[in-house]
Amino acid sequence: MTYSANSEYGRLYFCGVSAEEPAEGVYGGLVQIDDEGQISVLVATMYGAVRVTGEQLRQAPETIDPEWEDVTELSVTKAHDDPFMFVSEDEIDDPEEFLPAETVGSYRLQISRRGQGIPEGEVCTGPSDPRIEDVVVRFWPDTEMSGFEVRRSTSQFGVENQAYFDEDPERGIISLSYTSEGNSAEQRARDKHLANIAKYGEEM
């Protein structure tokens, strides 16, 4: 399954899964965990299209394609509530469900990213725009629940992003309490305020 997701504040927000080890922070400049174990994927496109592919596997892949610039793995728990998917307030395409709501269990996620991304203030020219980022979410049943592993971090975006958060871990920690039914107006306002803090490095 491949579709165009809509990034918000430079993030794609997961719903339906939580990190097995809810250690708040940023991993590989790619994956962010909040203090409740909720997960987002950090992308270079602040607002706009990101090409997303989901792949359900029977077991861990043997290799990682060298074209992927940033790759991080983590273990998650899928609960019986929301479908496992990315959510956004302003969808570009109908979002694809990686797993339906009724599925439960433990999974290993391998999240991979590549591409320049659409700079803030610029407009995507269409599905073939070469700047569009690709994000692939591969997942398979997990019995070991072995925590986080940064498999690769080679893009300028990933390296600089990790350094930015390492310098001050409190930067840009945005609440990820998104569900398939959306957020309250108060939560959205708070998220926008914190996004400004992340962008400018100080309170507005």
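Every condition in (1) under 26 Å from F165 (Cβ atoms); (2) surrounded by 14 or more Cβ atoms within 10 Å (Cβ to Cβ) holds for P83 except the one numbered (1). Being under 19 Å from G158 (Cβ atoms), β-branched (V, I, T) and at pLDDT below 95: is that true of V76 here? It is false that V76 is under 19 Å from G158 (Cβ atoms), β-branched (V, I, T) and at pLDDT below 95.
Condition (residue is touching a Leu at 6+ places or on another chain (Cβ under 6 Å) and of a type in the set (S, T, N, Q)) applied to segment 89-112: is it met by at least one residue? No, segment 89-112 contains no residue that is touching a Leu at 6+ places or on another chain (Cβ under 6 Å) and of a type in the set (S, T, N, Q). Of the numbered criteria (1) over 16 Å from the mean Cα position of the chain (by Cα); (2) over 27 Å from V104 (Cβ atoms); (3) aliphatic (A, V, I, L, M), the one M46 fails is (1). Taking L42, is it crowded, with 21+ Cβ neighbours inside 10 Å and either farther than 26 Å from A23 by Cβ or out of contact with any Ser or Thr (no Cβ under 8 Å at 6 or more places or on another chain) (or both)? When the stated conditions are applied, L42 passes them. If the condition is being of a type in the set (F, W, Y) and out of contact with any Leu (no Cβ under 6 Å at 6 or more places or on another chain), then segment 43-87 contributes Y47, W68.
The values are calculated or read from the model by the stated rules, or taken from the named source; none is laboratory data. Since the structure is predicted, the reported quantities are computational estimates derived from the model, not experimental observations. For neighbour counting, all protein chains shown are included, and Cβ atoms are generated from backbone atoms with ideal geometry for every residue, glycine included.
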